[in-house]
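*Asks:* Attaching a single structure in structure tokens format; questions to follow.
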């Protein structure tokens, strides 16, 4: 493990099993407890059939003002056990770097997937249960002011998500390495969206949740 990975905010920090264990221990903190209970209820219904990773307790939890919504968990989330910008893949690294460049305060964010479990096929349609679960999650985020849809599949559900979230919706590309290598403007497109998010969140008071 290199020195960079010792910083919990650094890209790839969840490659360290010690950091994975540390974050597991944080899931019952006040800013996370309602989300952990919510996830536990989902796992009771779906856990026998599907693995569902945890929310990242280093984010804002129930105090989140910006919800970054991805399609479904990737392999890195399954390995670490968390939906996180610190996972061991290039897309998570790009998210981590671009959020930092945009000046988005981590305490104001929550990263999640519209479908909380890994889809068997990338072409598999989003089920109705995913939207029911999103509606339940929305009730746990009283300070939410913007939802950022990341990836083609979740971006296609923008109108439905807007009806559920009842807040502003932004969308951008999924920052996996293939897109960023093939399209010179892809990284700037994501950064432009994140800059807008930062401006929106800067106009609000920050979460009382301390950095962990």
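*Asks:* All but one of (1) over 23 Å from residue 7 (Cα atoms); (2) modelled with pLDDT under 95 hold for residue 101, so report the exception by its number.
*Replies:* So the condition that residue 101 fails would be (1).
*Asks:* Let me ask you something else. Are any residues in the stretch 42-83 loosely packed, with under 15 Cβ neighbours inside 10 Å and either under 20 Å from residue 161 (Cβ atoms) or modelled with pLDDT of 95 or more (or both), and if so, which ones?
*Replies:* none
*Asks:* I want to confirm something. Restricting to the stretch 40-63 and keeping residues that are in contact (Cβ under 8 Å) with a residue 24 or more places away in the chain and not in a loop (DSSP other than H, G, I, E, B), which single residue is farthest from residue 76 (Cα to Cα)?
*Replies:* Across the stretch 40-63, the extreme among qualifying residues is 63.
*Asks:* Moving on to the next point. Considering each residue of the stretch 55-70, count those that are within 10 Å of the chain's Cα centre (by Cα) and over 9 Å from residue 14 (Cβ atoms), and give that number.
*Replies:* Initial filter on the stretch 55-70 (within 10 Å of the chain's Cα centre (by Cα)): 55-56, 59, 66-70.
Filter once more, keeping what is over 9 Å from residue 14 (Cβ atoms): 55, 59, 66-70.
Residues flagged as within 10 Å of the chain's Cα centre (by Cα) and over 9 Å from residue 14 (Cβ atoms) within the stretch 55-70 amount to 7.
*Asks:* Can you give me the number of residues within the stretch 78-117 that are at negative phi and in contact with a strand residue (DSSP E or B) (Cβ under 8 Å, 6 or more places away or on another chain)?
*Replies:* The number of residues fulfilling the criteria is 14.
*Asks:* Can you confirm whether the stretch 96-115 contains a residue that is touching a residue at least 24 places away in the same chain (Cβ under 8 Å), within 13 Å of the chain's Cα centre (by Cα), in a loop (DSSP other than H, G, I, E, B) and more than 19 Å from residue 190 (Cβ to Cβ)?
*Replies:* Yes: the stretch 96-115 contains one or more residues that are touching a residue at least 24 places away in the same chain (Cβ under 8 Å), within 13 Å of the chain's Cα centre (by Cα), in a loop (DSSP other than H, G, I, E, B) and more than 19 Å from residue 190 (Cβ to Cβ).
*Asks:* Right, next: Quick test for you: out of 156, 171, 145, 127, pick the one residue that is surrounded by fewer than 21 Cβ atoms within 10 Å (Cβ to Cβ) and touching a residue at least 24 places away in the same chain (Cβ under 8 Å).
*Replies:* Sole residue among the options that is surrounded by fewer than 21 Cβ atoms within 10 Å (Cβ to Cβ) and touching a residue at least 24 places away in the same chain (Cβ under 8 Å): 145.
*Asks:* What pairs can you find where one residue is in the stretch 4-18 and farther than 18 Å from residue 106 by Cα, the other is in a helix (DSSP H, G or I) and at pLDDT below 95, and their Cβ atoms are less than 8 Å apart, with a gap of 6+ or different chains?
*Replies:* 15/5; 16/5; 16/6
*Asks:* Would you confirm whether or not the stretch 79-86 contains a residue that is under 20 Å from residue 13 (Cα atoms), free of Cβ contacts under 8 Å to residues at least 60 places away in the same chain and in a helix (DSSP H, G or I)?
*Replies:* Scanning the stretch 79-86, I find at least one residue that is under 20 Å from residue 13 (Cα atoms), free of Cβ contacts under 8 Å to residues at least 60 places away in the same chain and in a helix (DSSP H, G or I), so the answer is yes.
*Asks:* Among (1) assigned to a loop (DSSP other than H, G, I, E, B); (2) at pLDDT below 95; (3) farther than 15 Å from residue 112 by Cβ, there is one condition residue 29 misses while meeting the rest; what is its number?
*Replies:* That leaves (2) as the condition not met.
*Asks:* Just checking, which of 166, 139, 162 is touching a strand residue (DSSP E or B) at 6+ places or on another chain (Cβ under 6 Å), surrounded by fewer than 15 Cβ atoms within 10 Å (Cβ to Cβ) and at pLDDT 95 or above?
*Replies:* On inspection, the qualifying residue turns out to be 162.
The values are calculated or read from the model by the stated rules, or taken from the named source; none is laboratory data. The shown structure was predicted, so the numbers you read here are calculated from the model rather than taken from an experiment. Cβ coordinates were reconstructed from backbone atoms using ideal geometry, including for glycine residues, and neighbour counts include every protein chain displayed.
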